[in-house]
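Notes follow the structure.
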Amino acid sequence: MSIQNQQTKLNIGLFGFGVVGEGLYKVLEQTPTLNAQIKKVCIKHPEKKRNAPPELFTIDPDLLLQDEEINVIVELIDDSEAAYYIVSTALKNKKAVVSANKKLIAEHLEELISLQQHFQTPFLYESAACASIPVIRNLEEYYDNDLLHGISGIVNGSTNYILTKVSEENISFEDALVQAQIEGFAESNPALDIEGTDAVNKLTILLAHAYGIVTPPQDIVHTGIQNLHAGDAVFAREKGYEIKLIAQARKLDNGKIAAFVLPQFVHKDSQLYNVRNEYNGVIIESSLADKQFFYGKGAGSFPTASAVLSDLSALRYNYRYEYKKLLYQKPSQLTNDFFLRVYVSFDGLFHVPHEKFERIEEWSSSDKRCHVTGIIRFSRLLDASWWKRKNTSLVVYPDAFVDKVALKQDVEENVLSLV
């Protein structure tokens, strides 16, 4: 049953009744004007007590996927492979789909776009990027041109909560992680968050809508906050910075796109400086609109449910992503051929090879910890063996990108001064 106009009732088949699923159920009960109802919910553990009528639930996915009266599938589970079966089957059955599963979307985006095109069925996932912040819709509609300079932001609330506690309470990263787990902002197994996997999945999604780039998340250089050291936080405070885990993509002068997820020093002049705790913040920069800042909660029951609700509302108007920069323009290309200014700290004088740097600008060493600041060719980070390891941390500077021509001139002048 396809959705034709805003008067069509949305009969929803919901997969998952966790924090977000239950939040959506409550919100829909309070939003009768949406003309939507959850007809059936598929769950994995029927023995769990739930705050909804028992007859609403089933463990049989086909009761939702094959029901002709259900015209919308909402997928809110944490198993990406099971989610792919649910979403792909729903699209093949011409059911509109709304999902919050960033891992599913990032890893299967090419196939999912193809299914949408072939079956002419909408698949919306605003909540998969930054929960309550409408970044995807803005990139898809407002920035559907070639004037987008860059996008950067804090897109993972768990790591931002941890970094906030380290900065404000002067505690260790380990203690801040435990506090985040107690408060429910980090999972008992927090690897996806603190190692940057969640953030790079979200960046993968944003790249498709910002620049028409569809690429596997593992092909994007990324790390999280797992190797940051207490000395890095001290260094940041001394320089007047905050450390944030930043996902970013930037159009270079040659038209190609640089993209990565790395810890970054953020100056107080940046809008991201005051994004604290579980909040997300995204800066979108274009040649005409300059910088625009989006801020809001990036996780939680009702913030995520609000984005799902917005997608459901859009379906009433037969809205779908057009992927204009991918399908109707020449997509941009990713590149690793650029230079960054970075800070690297490590144990021992010889753990970071000097030859990795184009230029070293600052060096400090003690019997406990050493650090070096300098310019590095980004492609050298493709070999993660020297920088993505325990007791070694890499943080990008606020003025991260270094012009090739200026760097070449500086190197030539330094060589001449030595002659």
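Yes or no: segment 179-190 includes at least one residue that is within 17 Å of Leu245 (Cα to Cα), in contact with a helix residue (DSSP H, G or I) (Cβ under 6 Å, 6 or more places away or on another chain) and free of Cβ contacts under 8 Å to residues at least 40 places away in the same chain. Yes: one or more hits.
When each of Lys44, Lys39 is tested for being among the basic types (Lys, Arg) and either closer than 19 Å to Ala314 by Cα or over 29 Å from the mean Cα position of the chain (by Cα) (or both), the lone residue that passes is Lys39. Might you check whether a residue that is within 30 Å of Ser366 (Cβ to Cβ), out of contact with any Cys (no Cβ under 7 Å at 6 or more places or on another chain) and not in a strand (DSSP E or B) occurs anywhere in segment 185-194? Yes, segment 185-194 has at least one match. Based on what the data block shows, is Asn254 in the same structural domain as Asn170 (by TED's automatic domain parsing), closer than 25 Å to Ile213 by Cβ, surrounded by fewer than 22 Cβ atoms within 10 Å (Cβ to Cβ) and not β-branched (Val, Ile, Thr)? Answer is yes for this residue. Only one residue in Ile225, Ile213, Ile284, Ile246 is over 18 Å from Glu168 (Cα atoms), outside the structural domain of Phe401 (by TED's automatic domain parsing), part of a loop (DSSP other than H, G, I, E, B) and touching a strand residue (DSSP E or B) at 6+ places or on another chain (Cβ under 9 Å), so which one is that? Sole residue among the options that is over 18 Å from Glu168 (Cα atoms), outside the structural domain of Phe401 (by TED's automatic domain parsing), part of a loop (DSSP other than H, G, I, E, B) and touching a strand residue (DSSP E or B) at 6+ places or on another chain (Cβ under 9 Å): Ile213. Quick check: is even one residue across segment 347-357 touching a Gly at 6+ places or on another chain (Cβ under 8 Å) and on the phi < 0 side of the Ramachandran plot? Yes: one or more hits. Taken over segment 293-309, the criterion of being more than 15 Å from the chain's Cα centre (by Cα), surrounded by fewer than 21 Cβ atoms within 10 Å (Cβ to Cβ) and modelled with pLDDT of 95 or more is satisfied by Phe293 alone.
With respect to Gly300, is the statement that it is at positive phi and not basic (Lys, Arg) true? It is true that Gly300 is at positive phi and not basic (Lys, Arg). For beta carbons closer than 9 Å, sequence separation of 6+ or different chains, a first residue in segment 272-284 that is free of Cβ contacts under 8 Å to residues at least 12 places away in the same chain and a second that is assigned to a strand (DSSP E or B) and small (Gly, Ala, Ser), the qualifying pairs are Asn274/Gly281. Inspection of segment 318-339 finds a residue satisfying the criterion of being charged (D, E, K, R), under 30 Å from Val27 (Cα atoms), surrounded by fewer than 18 Cβ atoms within 10 Å (Cβ to Cβ) and out of contact with any strand residue (DSSP E or B) (no Cβ under 9 Å at 6 or more places or on another chain). The sole residue among Ile3, Ile38 that is outside the structural domain of Leu192 (by TED's automatic domain parsing), at pLDDT 95 or above, within 26 Å of Gln120 (Cα to Cα) and not in a helix (DSSP H, G or I) is Ile38. Please work out which residue is modelled with the lowest pLDDT, limiting yourself to segment 340-392 and to residues that are aromatic (Phe, Trp, Tyr) and either closer than 16 Å to Gly231 by Cα or out of contact with any helix residue (DSSP H, G or I) (no Cβ under 7 Å at 6 or more places or on another chain) (or both). Once the filter is applied, the top-ranked residue is Phe350.
Scan segment 49-89 residue by residue and report those that are assigned to a helix (DSSP H, G or I), closer than 18 Å to Gln120 by Cα and touching a residue at least 60 places away in the same chain (Cβ under 8 Å). Passing the criteria: only Ile86. Would you call Ala233 of a type in the set (A, V, I, L, M), touching a residue at least 60 places away in the same chain (Cβ under 8 Å), touching a strand residue (DSSP E or B) at 6+ places or on another chain (Cβ under 9 Å) and in a helix (DSSP H, G or I)? Against the criterion (of a type in the set (A, V, I, L, M), touching a residue at least 60 places away in the same chain (Cβ under 8 Å), touching a strand residue (DSSP E or B) at 6+ places or on another chain (Cβ under 9 Å) and in a helix (DSSP H, G or I)), Ala233 qualifies.
The values are calculated or read from the model by the stated rules, or taken from the named source; none is laboratory data. If you're wondering where the values come from, they're calculated on a predicted model, not measured in any experiment. With ideal geometry, Cβ positions are generated from the backbone for all residues, glycine too; neighbour counts draw on all protein chains shown.
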